[in-house]
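The values are calculated or read from the model by the stated rules, or taken from the named source; none is laboratory data. Please read these numbers as outputs of a predicted model, since none were measured by experiment. We place every Cβ from the backbone using ideal geometry, glycine too, and count neighbours over all the protein chains shown. Just the protein is used for accessible areas: all its heavy atoms, side chains included, with ligands, DNA and RNA removed. Shrake-Rupley method; radii C 1.70, N 1.55, O 1.52, S 1.80 Å.
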Amino acid sequence: MNTATPNLTVFDALLAALQKAADYNRDDVVRPAAVLWPDEKREWERLAPRFRASLPHFFTLGTYDPATRTGPAIWLRCVLAGKIPDVSVAAGVVPILYLPDISRATMRATEDCPPPLKPLAELQYRGVFWSQVSAKDWTISAFLQTEKGGLNLAVAKDQATATSIRRAVEQLADVPVADLQAKSSAGELNGNYFDTLISDDPVDDLLSWLADPSGVRGRWDAGRWETLCSRCIADYGFDPARDGELVGAEKLGTQTKAAWKTAWKRFESAPARYAGLTELLRRAKPTPKAGLLFGDVDESWPQDNDAEEDALRKELLDLSSEPPAKARQSLLSLEEKHGSRREWVWAKLNRSPLAGAMRHLAILAEVTTTALTGATTADMVRVYTEVGWKADAAVLDALAAVARPADQDAVKAAVAHVYTPWLRDAAELFQQRVKESPLSGREVPRLDPVAAGTCVLFADGLRYDVGQKLLALLSGRVGTLQVRHQFVALPSVTPTAKPAVSPVAAKIKGTLAGEEFRPCVAHDDKDLTPDRFRKLLADDGVQYLAANEVGDPTGKAWTEFGNLDTTGHNEGSGMARRIPELLTTLVLRIESLLAAGWQEVRVVTDHGWLLVPNGLPKSELPKYLTATRWRRCAVVKPTATVDQLPVFGWFWADDVRIACPPGIDCFMAGEEYNHGGLSLQECVVPQFTIQAGKTTSISAKIESVKWSRLRCRVQIVGDFSGCKVDLRDKPVDPTTSLTGAKSVGSDGAVSLPVADDSREGTATTVVLLDSVGNVVAKAAVTVGE
C-alpha cells in the first residue's frame, strides 16, 4: 500500500482520479470530448455540489437548472458544442459529465439506449469513461478497495459495511487518506468505523434532536437517524422513534441512568447549543417528581429556577423597608441562599441574572458594613485605595449583571438602599477633612516629566475602581506595569483637570473669571480651546495622535480615550454594562502603541465620578450666586456668600472660589452619574506607567485544524507549555471569542465546541496564545468546514 501525501483527503483523491481520467497523450490522440461518470445507484450524488464548486467544467445530467450546471442530454451536447451562450468550458479542459441513474452498460447498448439519453450515446466513442479497469462503474466501496485507480484499502466486505460507507460518503470525503490507511492496516475499516463518521458524537446527536426534533429530522438523512435510534436503545434504554422527545427530556432531567447523567453534563457544558431543550424540559417535568415533595427545588427544571429568581427579585425590592444595616445582613443571607444557582445550567443561559448579581451585592454589603473613615485626608485615601473602592466596583458589577427592566429595578433598589448612605457619609467626612487640610495644588505636578519614547494616553473619567479592572486586564499582557494614585486638579471636571495631567501644564494658567472652569494659555491669556491645547503640545515637541494613529515612537506623544466619561453622561447606570467593552478597547489601544515601538505608555486621567442608581440627591444653590454652575460644582461670584456649602480654591487660580454640594448631592435633580465635587470617588484617581515587555520565542505552532460539525479540533506541536487555543473573530480581542480559551492538552490537542449554530459557515480565526495571553500563531477558518 502506498503511503498517502500528508493531508490528502478522499475528496482530493477523487479529484485526482477524475483528472487522470481526462489525461491523454497530446502527441498521439485527440482530446477526449468528455469524461463520462456513470452512477447507476446514485452513490456519489451527495458529493456532486462539492465537485461542482471545485470543478467549473463539471456538469450533471438531469432536470434543467443552469445555476447548478444541470440539464438534459441534449443541453449537455450543446454545452460541449459551445452553443450555450452563458456556459463555456475553458480551452484545453476536458468537461466531466456526471450521469446519475445511468450505468456504463446502458450507454454502451446503443440500440436499447433510452431516447432521452441518446444524444450522449456517441460520446462513448469520442470521450472516456471514469470507471474501473474491469469496466465496472465506480462505487464508493470499490474506489476505497481497488488497487488500480482506487485507494487499495482493506475494507470489511459485509453488506452492513457497504451500507455504512454509502451513508457516510459526505463525511468520508474529508477524511485524510493516511488515516484510512492506518485504519486499514489495523483491520478497523468496518461498519462501526464508518458509522462514527456519520455520528462521532452520539451524545451531541441526542441533545441536538431533543432541542429541535422536527428541524433535526429534516436536516438529517435516514442513516443518521437510524444510527441515533439504535444507540439510544442500547445506551439509554430509550427509543426516540417510539417514545418521542418529551419522554427523552424527562429521562434527561431525572438522570436515572449513568448515560443520562453524562448527557446532562454535556448539556451543562454548552447549553446554548441546545437552546430548545429549555422549553422541552419545562414541559417534561413530572408532577410530582419521584423522590421529591411538592415545593422542592430541582436544578433540572427551568421553572424551578424561574421561581427562585422571582422570589429573589421580590426580596431585593423589599429590602428598602429595612434599616440599611439590617438590609446588608439580608443581602449576605440571600447570597448564601441563591449563590449556588450560579452553578446551575440556567445561569449559563442567562436565566439567573439576579443570582449572578448577588455575588456582587454581597461584596457591596460586606464592604459598606464598615464606614469609610479616617482621622486625616491621607487616612481616608489609604482606606479607600485598600478596601473602599471595592464597594464602587461591586455596584458596577451588580448593575452589569442584569438586563431586564424588572431585574434592574430590583438591583438598583438594593444598591441605592445600602450604598447611598455609606457613600454620602464618606463624602461628607472627606469634605470636612479637605476643609481642614486642602488638597495639593499646582505646587505638586500631576505628571512627571515625559521623556522621548513615551506616549501619554489620557483616559477621560478613569475612576479608581475602573482602574483596578484595567490593571487586571493588563497584567500579564504587557511588560513592566506600575500604578500609583493621586489627587485630581479641583474641581474634578475635564476643562480643569485634563490640562493639569498634560505635558504642557506649566504653560497654562487660570483667569480671574474661571468661566466654564477653563484655564488659558499662559503667554497670551487666551482660552485653552482644543486647538490651542494641541498647538501647545506641538510647540513643546509632543505629537497629538488621533484615535487610530501611532505616531513616531522615537519622540513624545499625547493621545486621548474619552469613551468612559461620555458613556457615563449618556447612559447613567447603564454604563455599567459597557465598561468591559470600553476597557477592552482601551487595552487594545495601549497594546497597539507598545507594538508600534513606544517604550512607555503613561495612562492618566482627569477625574473620577459618582454613580448612584435612581439619582443623586438634589441640593439648592441659587444661580444668581454663581458665575458658572454645573451639576457638582459652581464658580461663586466674588460678592456672593455660600457658607452652607463646601468651598475651595480653583486649581488654576486660588482666588477663584468653587462651591460643591454637600456629600453626594447634585445641583440638578435626576442625575445618576456626575462629577466635579469633593468625594474620594471623584478626587482620587490612578495613573499607570506601562513599558513594553521583552519578546520571547515560542516554538509552539498550529499543525492542523479539523471540524466535526460545530466542534473544532486543533493540534498544536512544539513547546506548548502554558499555551491556550481560542476561536476569535478578532485575534487579539478576547471579547470576540466564540468558545473561550482552552488549555492545550498533554498530547497537543484542543477541542473547541461552538455553541451558537448560527455561526456555521462564517469566518473566524483559530488563535494560539502563550502563557500570558499573547497571540503567537493564528489560522483563518470557516466554522464547520
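In the set (1) out of contact with any Phe, Trp or Tyr (no Cβ under 6 Å at 6 or more places or on another chain); (2) at pLDDT 95 or above; (3) under 22 Å from Ser352 (Cα atoms), the condition left unmet by Ala275 is number (2). Of the residues making up segment 637-659, those that are open to solvent by less than 30 Å² (accessible area, probe 1.4 Å) and over 18 Å from Ala489 (Cβ atoms) are Ala640, Val642, Leu645. Within segment 660-703, the set of residues being open to solvent by 10 Å² or more (accessible area, probe 1.4 Å) and in contact with an Asp or Glu (Cβ under 6 Å, 6 or more places away or on another chain) comprises His675, Gln691, Ile698, Ser699. Does Asp392 count as assigned to a helix (DSSP H, G or I), of a type in the set (Asp, Glu), at negative phi and in contact with a strand residue (DSSP E or B) (Cβ under 9 Å, 6 or more places away or on another chain)? It is true that Asp392 is assigned to a helix (DSSP H, G or I), of a type in the set (Asp, Glu), at negative phi and in contact with a strand residue (DSSP E or B) (Cβ under 9 Å, 6 or more places away or on another chain). For segment 129-149, the set of residues classified as under 48 Å from the mean Cα position of the chain (by Cα) and open to solvent by 20 Å² or more (accessible area, probe 1.4 Å) consists of Thr139, Ser141, Gln145, Thr146, Gly149, listed by residue number.
Here the helices (runs of 4 or more DSSP H) wholly within segment 153-202 that include at least 2 residues being open to solvent by 30 Å² or more (accessible area, probe 1.4 Å) and under 18 Å from Leu14 (Cα atoms) are 159-167, 169-172, 177-185. Specify which of the listed residues (Arg589, Arg578, Arg631) is in a loop (DSSP other than H, G, I, E, B), basic (Lys, Arg) and on the phi < 0 side of the Ramachandran plot. Going through Arg589, Arg578, Arg631 in turn, just one is in a loop (DSSP other than H, G, I, E, B), basic (Lys, Arg) and on the phi < 0 side of the Ramachandran plot: Arg631. Within segment 394-417, the set of residues being open to solvent by 30 Å² or more (accessible area, probe 1.4 Å), closer than 13 Å to Arg578 by Cα and in contact with a Pro (Cβ under 6 Å, 6 or more places away or on another chain) comprises just one member, Ala401. The set of residues in segment 460-505 being farther than 19 Å from Leu447 by Cα and not in a helix (DSSP H, G or I) consists of Ser475, Gly476, Arg477, Val478, Gly479.
Residues that are in contact with a Lys or Arg (Cβ under 7 Å, 6 or more places away or on another chain) and open to solvent by less than 10 Å² (accessible area, probe 1.4 Å) within segment 491-535 comprise Ala500, Val501, Pro519, Cys520, Val521, listed in sequence order.
Listed here are the residues, each with its yes/no results for (1) under 28 Å from Arg167 (Cα atoms); (2) modelled with pLDDT of 90 or more; (3) of a type in the set (Asp, Glu).
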| residue | (1), (2), (3) |
| --- | --- |
| His57 | yes, yes, no |
| Leu76 | no, yes, no |
| Val87 | no, no, no |
| Ala105 | yes, no, no |
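So which residues in segment 740-777 are part of a strand (DSSP E or B), open to solvent by 40 Å² or more (accessible area, probe 1.4 Å) and either within 27 Å of Asp212 (Cβ to Cβ) or modelled with pLDDT under 90 (or both), if there are any at all? Within segment 740-777, Lys742, Pro753, Ala763, Val775, Val776 qualify. Given the structure, is Trp609 out of contact with any helix residue (DSSP H, G or I) (no Cβ under 9 Å at 6 or more places or on another chain) and open to solvent by less than 20 Å² (accessible area, probe 1.4 Å)? Answer is no for this residue.
Tell me which residues, restricted to segment 647-683, are assigned to a loop (DSSP other than H, G, I, E, B), of a type outside the set (Phe, Trp, Tyr) and modelled with pLDDT of 95 or more. Outline the logic, then answer.
Start the filter on segment 647-683 by keeping residues that are assigned to a loop (DSSP other than H, G, I, E, B), which leaves 651-652, 660-665, 667-672, 675-679.
Now narrow it down to the ones that are of a type outside the set (Phe, Trp, Tyr): 660-665, 668-672, 675-679.
Answer for segment 647-683, where residues must be assigned to a loop (DSSP other than H, G, I, E, B), of a type outside the set (Phe, Trp, Tyr) and modelled with pLDDT of 95 or more: Cys660, Pro661, Pro662, Gly663, Ile664, Asp665, Glu672, His675, Gly676, Gly677, Leu678, Ser679.
When segment 380-393 is filtered for residues that are acidic (Asp, Glu) and open to solvent by 10 Å² or more (accessible area, probe 1.4 Å), only Glu386 remains.
Of the numbered criteria (1) closer than 17 Å to His417 by Cα; (2) touching an Asp or Glu at 6+ places or on another chain (Cβ under 8 Å); (3) not in a loop (DSSP other than H, G, I, E, B), the one Val367 fails is (2).
On the basis of being within 27 Å of the chain's Cα centre (by Cα), in contact (Cβ under 8 Å) with a residue 60 or more places away in the chain and outside any helix (DSSP H, G or I), does Ala403 make the cut? Spelling it out, Ala403 is indeed within 27 Å of the chain's Cα centre (by Cα), in contact (Cβ under 8 Å) with a residue 60 or more places away in the chain and outside any helix (DSSP H, G or I).
Tell me yes or no: at least one residue of segment 420-443 is at pLDDT 95 or above, out of contact with any strand residue (DSSP E or B) (no Cβ under 7 Å at 6 or more places or on another chain), under 19 Å from Arg577 (Cα atoms) and not acidic (Asp, Glu). Among the residues of segment 420-443, not one is at pLDDT 95 or above, out of contact with any strand residue (DSSP E or B) (no Cβ under 7 Å at 6 or more places or on another chain), under 19 Å from Arg577 (Cα atoms) and not acidic (Asp, Glu), which makes the answer no.
Reported count of residues in segment 95-109, each being over 12 Å from Trp37 (Cβ atoms) and of a type in the set (A, V, I, L, M, F, W, C), is 2.
Of all the helices (runs of 4 or more DSSP H) wholly in segment 243-362, which have at least 3 residues that are of a type outside the set (Val, Ile, Thr) and either open to solvent by less than 40 Å² (accessible area, probe 1.4 Å) or touching a strand residue (DSSP E or B) at 6+ places or on another chain (Cβ under 7 Å) (or both)?
On the way: elements: 258-269, 277-284, 302-318, 324-338, 345-348.
Once the helices (runs of 4 or more DSSP H) in segment 243-362 are filtered for at least 3 residues that are of a type outside the set (Val, Ile, Thr) and either open to solvent by less than 40 Å² (accessible area, probe 1.4 Å) or touching a strand residue (DSSP E or B) at 6+ places or on another chain (Cβ under 7 Å) (or both), what remains is 258-269, 277-284, 302-318, 324-338.
Scanning segment 593-606 for residues that are outside any loop (DSSP other than H, G, I, E, B) and open to solvent by less than 10 Å² (accessible area, probe 1.4 Å) gives Leu593, Val601, Val603, Val604.
Tell me yes or no: at least one residue of segment 548-558 is within 30 Å of Pro638 (Cα to Cα), part of a strand (DSSP E or B) and touching a Gly at 6+ places or on another chain (Cβ under 9 Å). Step through it out loud before you land on a result.
So in segment 548-558, the residues within 30 Å of Pro638 (Cα to Cα) come out as none.
Checked against the condition, which is being within 30 Å of Pro638 (Cα to Cα), part of a strand (DSSP E or B) and touching a Gly at 6+ places or on another chain (Cβ under 9 Å), segment 548-558 yields no hits at all.
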